[in-house]
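The values are calculated or read from the model by the stated rules, or taken from the named source; none is laboratory data. Not measured: the values here are computed from a predicted model. With ideal geometry, Cβ positions are generated from the backbone for all residues, glycine too; neighbour counts draw on all protein chains shown.
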Amino acid sequence: MSKKYILGVFDDEATLVDAFEKLKDKGVMPVEVYTPYPVHEILEGMPIKTRITHAAFFYGLFAALGILGFLTYAAVIDWPLRYGGKPFNAFPSFIVVTIVATILSITLLTLFTFSARAKVFPGKKAEIFHERATDDKFVMVFDEDGIANDSESLKAILTEHGKIE
Amino acid sequence: MYNSAVRGKLIDGEKSFSQISKEILAPIHAKTPLWWYAAMMVSLGMFGFGLYCKYITVSTGIGTWGVNNSVAWGWAIINFVWWIGIGHAGTAFSIFLLILRQKWRTAINRAAEAMTVVAVFCASLFPLLHMGRPWLFFFIFPYPNTRGPLWVNFNSPLFWDFVAISAYLLISASFWYFGMVPDFATIRDTAKSKIKKAVYGFFAFGWTGSSREWLRFEGLSFVLGGIAAVLVVSVHSIVSTDFAVSVQAGWHTTIFPPYFVIGAIFSGFAMVLTLVITMRGLYNMNDFITDRHVDAVCRILIFISLIMGTAYMTEIFIAWYSASEYETYMFFKNRLFGDYAFQFWAMFTANAVIPQLFWFKAVRKRMWIVFIISIIINIGMWFERFNIVVTTLSRDYLPAAWANYSPTYVEIGFFVGTLGMFLAGVLLFFRYIPMIAISELKSVAKFDKPNNGQLKAKSHE
């Protein structure tokens, strides 16, 4: 590995969040935080954001329009057939398929977006900093070059409740 | 840390995070017990018999079934609706309790979703084979073809049903799978054997638990949760329109969609109870799926059972109030006292009366009684579908077309085969997949003294 990292390892959520906030006040941000479950204070505190919900909305919008358009094209324009005396453009009964197929499109497209953006996909090799971060340890990763000036205070805060590895 | 004023602790026994992972993963890391092989043999035997019956159905034809011109829908549709109903609980459990922020769902939702996926798969076999020529099933896809192109009938509930079921299968399977990715990573990082590390490592998709992953994961579950809630309600409503859109006495009613959705969730929750009580018994999960969890599900069942009773009474009342000769005949002569009166009263007793025993705490805390009642509810829900399908079809508007129906061994074998498939699926789930969502459970783990009292824990939500 070309870069050097400092790992702050904590035993529970409360101490992790406490250290994270103290460091944030000092202007030191971890490169990444690994936790066994989502910790909301960290997710809100890290300088990252996600637009996955917005993406899902637009997938839904376009899927709904596309599906409704297809149904109308197939049943009204391409090959109109009378079913049970209903008009060709039986709009209310198109809604059912539109809703369900839209939900399916949103789900699949959002899953692919998640997979691409969070880089979680089949065949990926995990970059593991700490073996137990998926089990019971809460790990903050710092880039040693980026925090050269504050490394003393950083270490002090990390060792208050956690330990450095 | 999660604090709940109403429910108290969600996990018993002061467990640390690593203890939680260890105890839930114990069945995966341990040797396969002997009873597992025995149970697997039995379910594969049932599955094999089902395969034989499917072979007869396909090679000879639907004529090997007991269905006839009047009662054209027999066990196949009954079992289809029954399995789909059971399949609803998984998503209902995760989604509705997620929306209602009921954190106790975390111990149960994985099992419920596993059950959903297997049950919906079982269900989808019935319409497929009822088509008679299942090798032409792709005709139902609206694809450009050389027959015109002739499109499918978008006004038909049977087409809606096809779209709904395939969407539901895909969505519930992917929802379930993505919930498991963090847990597969936990298995990868705790496993000792190289093979296990590689296999679960592959299925974990390179998950590490970084905040970038978690943030998007939360966004994803928010989106999927929100839209799948719509799906749960719409899928079984669509199944009900298979019946309600036809002009048949006993089917042609507006109560059908909510009645079917509630019935589906009812049978599904009962099946969840059956499953989690089995899990508690076999794998000693009592600290995670506590008596309080079972108690909460029982209370929900009382409520749904009351709705079921109300729905039955409403149907009967409206049959009289509508002053329709056919409706009145269907309910008062045929269903209540006709050839299939036994099925009607079995349904009524099992779904509307027996679950009322859950009002008593003494019943709710005796697991074997809860287990038996959960089975009774599932049998009752099966009779409900029998009652809807067969009584209406057997007594048409034209007495000359009246016919009775009883299944042949081929239909029974088909059903037994899907039961075997379900059991085999559940057994595989017990053995190879974490039965409880570990990462979700950790987020609700509540310790009396966080960090030995050094820091005051903040609670969110």
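Per-structure values
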{"read-out": "Filter pass, A:D143 being away from chain B (no Cβ under 11 Å), in contact with a Pro (Cβ under 9 Å, 6 or more places away or on another chain) and at pLDDT below 80", "value": "yes"}
{"read-out": "Some residue of segment B:232-248 being in contact with a Ser or Thr (Cβ under 7 Å, 6 or more places away or on another chain), in a helix (DSSP H, G or I) and either buried (at least 24 other Cβ atoms within 10 Å of the Cβ) or of a type in the set (V, I, T) (or both)", "value": "yes"}
{"read-out": "Qualifying residue in segment B:160-180 (condition: modelled with pLDDT under 80, in a helix (DSSP H, G or I) and among the charged types (D, E, K, R))", "value": "no"}
{"read-out": "Of the criteria (1) modelled with pLDDT of 70 or more; (2) not in a loop (DSSP other than H, G, I, E, B), which one A:L158 fails", "value": "(1)"}
{"read-out": "In segment A:50-83, the residues that are modelled with pLDDT under 85, closer than 27 Å to B:E213 by Cβ and touching a Leu at 6+ places or on another chain (Cβ under 7 Å)", "value": "A:T50, A:I52"}
{"read-out": "Evaluation of B:A264 against (1) at the interface with chain A (Cβ under 9 Å from one of its Cβ atoms); (2) in contact with a His (Cβ under 6 Å, 6 or more places away or on another chain) (one fails), failing number", "value": "(1)"}
{"read-out": "Sole exception among (1) within 13 Å of another protein chain (Cβ to nearest Cβ); (2) assigned to a loop (DSSP other than H, G, I, E, B); (3) aliphatic (A, V, I, L, M) for B:A229, by number", "value": "(2)"}
{"read-out": "Single residue of B:W320, B:W382 found to be free of Cβ contacts under 8 Å to residues at least 60 places away in the same chain, over 30 Å from B:I24 (Cα atoms) and assigned to a helix (DSSP H, G or I)", "value": "B:W320"}
{"read-out": "Some residue of segment B:150-163 being under 28 Å from the mean Cα position of the chain (by Cα), more than 30 Å from B:V297 (Cα to Cα) and of a type in the set (S, T, N, Q)", "value": "yes"}
{"read-out": "Hits in segment B:139-159 (condition: over 21 Å from A:L108 (Cα atoms), more than 7 Å from chain A (Cβ to nearest Cβ), of a type in the set (A, V, I, L, M, F, W, C) and outside any helix (DSSP H, G or I))", "value": "B:V152"}
{"read-out": "Residue in segment B:349-356 that is surrounded by fewer than 21 Cβ atoms within 10 Å (Cβ to Cβ), in contact (Cβ under 8 Å) with a residue 60 or more places away in the chain and not aliphatic (A, V, I, L, M) present", "value": "no"}
{"read-out": "Residues being farther than 25 Å from A:A118 by Cβ and within 7 Å of chain A (Cβ to nearest Cβ) - total across segment B:161-188", "value": "2"}
{"read-out": "Selection within segment B:189-210 - among the charged types (D, E, K, R) and facing chain A (nearest Cβ under 7 Å)", "value": "B:D189"}
{"read-out": "Qualifying residues in segment A:34-53 (those that are in contact with a strand residue (DSSP E or B) (Cβ under 7 Å, 6 or more places away or on another chain) and free of Cβ contacts under 8 Å to residues at least 40 places away in the same chain) - the one surrounded by the most Cβ atoms within 10 Å (Cβ to Cβ)", "value": "A:I42"}
{"read-out": "A:A56 being assigned to a helix (DSSP H, G or I), buried (at least 21 other Cβ atoms within 10 Å of the Cβ), not assigned by TED's automatic domain parsing to the domain that holds A:F138 and not basic (K, R)", "value": "yes"}
{"read-out": "Number of the condition not met by B:G417 [criteria: (1) farther than 30 Å from B:D183 by Cβ; (2) surrounded by fewer than 18 Cβ atoms within 10 Å (Cβ to Cβ)]", "value": "(2)"}
{"read-out": "Hits in segment B:326-348 - residues which are surrounded by 17 or more Cβ atoms within 10 Å (Cβ to Cβ) and not in a helix (DSSP H, G or I)", "value": "B:G338, B:Y340"}
{"read-out": "Candidate set: segment A:16-31, residues that are surrounded by 22 or more Cβ atoms within 10 Å (Cβ to Cβ) and in contact with a strand residue (DSSP E or B) (Cβ under 6 Å, 6 or more places away or on another chain); chosen: the one nearest to A:I128 (Cα to Cα)", "value": "A:P30"}
{"read-out": "Qualifying residue in segment A:54-70 (condition: within 29 Å of the chain's Cα centre (by Cα) and closer than 30 Å to A:A19 by Cβ)", "value": "no"}
{"read-out": "Segment A:16-41, residues that are among the aromatic types (F, W, Y) and either within 9 Å of chain B (Cβ to nearest Cβ) or closer than 13 Å to B:S210 by Cβ (or both)", "value": "A:Y34, A:Y37"}
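Table: residues versus (1) modelled with pLDDT of 80 or more; (2) of a type outside the set (D, E); (3) out of contact with any Phe, Trp or Tyr (no Cβ under 9 Å at 6 or more places or on another chain); (4) under 13 Å from B:V426 (Cβ atoms).
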residue	(1), (2), (3), (4)
B:I262	yes, yes, yes, no
B:G268	yes, yes, no, no
B:M271	yes, yes, yes, yes
B:T274	yes, yes, no, yes
B:M279	yes, yes, no, yes
B:L282	yes, yes, no, yes
B:N286	no, yes, yes, no
B:H293	yes, yes, no, no
B:V297	yes, yes, no, no
